[in-house]
2 protein chains.
Amino acid sequence: MPPTAVTARQAFDAIKTACSNCNLRELCLPIGLEDDELKRLDELVSTRKRLKRGEYLYRSGQGFESIYAIRSGFFKTDVLIEDGRDQVTGFQMTGELLGLDGISNEVHSCNAIALEDSEVCAIPFSHLEGLSREIHTLQHHFHKVMSREIVRDHGVMMLLGTMRAEERLAAFLLNLSQRFKARGYSPAEFNLRMSRDEIGSYLGLKLETVSRAFSRFQEEGLLAVHQRKVRILDTPGLRKLMTHQRG
Amino acid sequence: MPPTAVTARQAFDAIKTACSNCNLRELCLPIGLEDDELKRLDELVSTRKRLKRGEYLYRSGQGFESIYAIRSGFFKTDVLIEDGRDQVTGFQMTGELLGLDGISNEVHSCNAIALEDSEVCAIPFSHLEGLSREIHTLQHHFHKVMSREIVRDHGVMMLLGTMRAEERLAAFLLNLSQRFKARGYSPAEFNLRMSRDEIGSYLGLKLETVSRAFSRFQEEGLLAVHQRKVRILDTPGLRKLMTHQRG
DNA sequence: ACCCGCGTTTGATCCACGTCAACCTGCCGA
DNA sequence: TCGGCAGGTTGACGTGGATCAAACGCGGGT
């Protein structure tokens, strides 16, 4: 089948937003939907949006009307308060949803910023609610996604509340590793999309502490770091460090 | 209308679980429902359950099938990991929902423990999903509740990630105060239902640090504490301490 | 190829909170 | 009434991570 066999129609289909031909459908909202249900989901995922590195997808205080599924790229969400403090509340990658925080008050309660050039599908929330009233599977899956976010947050609370610096970083790296793996990338070698400062903010540490922890892991042969390039050499070692180290 | 005018039927109605005559209906799931919708919600809130102080409502790992609305009492939720660490992830009071964490994996991911004698309404989750497919208002309200939980968790992350001990305690007390107020109790004077250790776990501090912070607030005239009895004397002072104190 | 600037690394010092330990206090049961 | 004890307070001391400061090195622009 030579390239010339690609019709205009096919080219259009390939470009247009559609869950049914998105290779993330096993990762994203459509999980478990039947073909005909998937077609209906296509209808509501109307808008696709590209963002350059550093661009805001939404800002705290802005009106909420859509949630966003990440098609490609990498984001962070953060909260900031008047006195200048800010807390990175999460890093989101391909297939994950952004904007769930906005549902409660119809206003976004954090900022979402692209850490690399990215693309998202905007899903008007009222449409999603409408469709999930009709498609049980979609409804249930959406509830699971929200619940998973709550569970994840509890994990971060545990991390921030009880772990020491190196344990936090180990937990962070293992989590990233596992998520890259789930997306078909190497769990052992990846590029960090965020700065030491952003990692620090997420982990409740200063960038110097993060940097030192990286250096220490390297000394101990747990991983190889060079700037933002990380190669994990000893996953069990990291895991042990994360759970054990008490007293 | 003398007491004898209370019929058996009315007495029964007063006792039986029913959102439509629950005085929490403005606080709890039924918010915004029409009378006829409220009646339908009554049907699904089938079971009421009493718990004594210290009893578990559910445990981490247990199968999930219901969420719970607190009718009266006070709870904590916590997560614990093998090595003995535990993190209190929240304190819940009248009108709040418990169990949202269980939706994601059909298994509870934390423990819920009554901190005083309490009563909850069990809401079978599949029924709730069913009904919320029919009642838009209920669906939307439920989504808001879940989203609010996410936003709350972000607030705790901010607290754990960026605040110093006294700021954390101030934030905690102001939050409690505001929630008591919303329930018609005094925002200035209340009894803590939890120990210093539990507060510490929630705030990522040791009980000694919590105790010292209390003493310091007392010295500074911000509040009067005696054991678990707290009287807030200077709300603006606490608020200032919470947001300002940088450098 | 060079320079400039930001993100990162590394070192020296400081301090908030943790740790350890003693003591206090209100409560409950005998 | 008393004794025991769990929870809370207070003090002395240690330490992990923050802070301050300096130097490094990579990437982008000219």
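The values are calculated or read from the model by the stated rules, or taken from the named source; none is laboratory data. Keep in mind that what you see is a predicted model, and the values were worked out from it rather than measured. All Cβ positions, glycine included, derive from the backbone under ideal geometry; neighbour counts span all protein chains shown. Just the protein is used for accessible areas: all its heavy atoms, side chains included, with ligands, DNA and RNA removed. Shrake-Rupley method; radii C 1.70, N 1.55, O 1.52, S 1.80 Å.
Entry note, chain B: relative contact order of 17 percent, from Cα contacts under 8 Å with a spacing of 6+ residues.
For B:E219, what is the net charge nearby, where nearby means another residue's Cβ is under 14 Å from its Cβ and Lys, Arg count +1, Asp, Glu -1?
Working: positive: B:R212, B:R216; negative: B:E166, B:E220, B:D234.
Here the count lands on -1.
Placing +1 on each Lys and Arg Cβ and -1 on each Asp and Glu Cβ, with no other charges, gives the stretch B:163-242 a dipole about its Cα centre of roughly 240 debye. Taking all Cα pairs closer than 8 Å and separated by 6 or more residues, the relative contact order of the stretch B:45-175 comes to 31 percent. Put one equal scatterer on each alpha carbon of chain B, apply the Debye formula with no solvent term, and list log10 I(q)/I(0) at q = 0.08, 0.14, 0.15 1/Å to two decimals. One equal scatterer on each Cα of chain B leads to -0.36, -1.00, -1.12.
If you put +1 on each Lys and Arg Cβ and -1 on each Asp and Glu Cβ, how big is the dipole of chain B around its Cα centre, in Debye rounded to 20? Could you put the intermediate results ahead of the total?
Values: 34 positive and 33 negative charges, 162 e Å.
About 780 debye.
Where a ≥ b ≥ c are the square roots of the eigenvalues of the C-alpha gyration tensor, would you call the stretch B:175-235 rounded, which needs a/c under 1.5, or, failing that, prolate if a/b is larger than b/c, or oblate? Since a/c reaches 1.5 but b/c is at least a/b, the shape of the stretch B:175-235 is classed as oblate. Inter-copy label distances for B:R228: 5.0 nm (label point placed 7 Å from Cα along Cα→Cβ; shortest first).
Among the residues of the stretch B:205-247, those with an accessible-area drop of 30 Å² or more from chain alone to full protein complex, heavy atoms and 1.4 Å probe, are B:T243, B:R246. Normalised by the number of residues in the stretch B:163-242, the mean separation of alpha-carbon contacts (under 8 Å, six or more apart) gives a relative contact order of 36 percent. With K and R counted +1 and D and E -1, the other residues having a Cβ less than 15 Å from that of A:R53 yield a net charge of +1.
By the rule of a C-alpha distance below 19 Å, with chain neighbours fewer than 8 residues away ignored, the lysines paired with A:K76 are A:K49, A:K52, A:K206, A:K229. Where Lys and Arg each count +1 and Asp and Glu each count -1, what net charge lies around A:I150 among other residues with Cβ under 15 Å from its Cβ? Net charge around A:I150: -4. Label the stretch A:54-121 by shape, choosing from rounded, prolate and oblate, from the square roots a ≥ b ≥ c of the eigenvalues of the Cα gyration tensor; if a/c is under 1.5 it is rounded, and otherwise prolate applies when a/b is larger than b/c, oblate when it is not. Judged from the Cα gyration tensor, the stretch A:54-121 comes out oblate (a/c at least 1.5, b/c at or above a/b). When accessible surface is computed with a 1.4 Å probe, chains A and B are found to bury approximately 4500 Å² between them, both chains counted. Per-residue ellipticity at 222 nm, computed for chain B from helices alone with -39500 (n - 2.57) per DSSP H run of at least four residues, works out to -13000 deg cm²/dmol.
If I take R0 = 35 Å and measure r between the Cβ atoms of A:I31 and B:I31 in this structure, what FRET efficiency does the formula 1/(1 + (r/R0)^6) give, to the nearest 0.05? For A:I31 and B:I31, the calculated efficiency is 0.70.
Any idea what the dipole of the protein assembly as shown comes to, in debye rounded to 20, about its Cα centre with Lys/Arg Cβ at +1 and Asp/Glu Cβ at -1? Walk me through the intermediate numbers first.
Working: 68 positive and 66 negative charges, 227 e Å.
That gives the protein assembly as shown a dipole magnitude of about 1080 debye.
The shape of the protein assembly as shown comes out oblate: with a ≥ b ≥ c from the C-alpha gyration tensor, a/c is at least 1.5 while a/b does not beat b/c. Accessible surface calculations at 1.4 Å, restricted to protein heavy atoms, place chain A at 47 Å² per residue. Expressed as a whole percent, the accessible surface of the protein assembly as shown that belongs to carbon and sulfur atoms is 49, based on a 1.4 Å probe.
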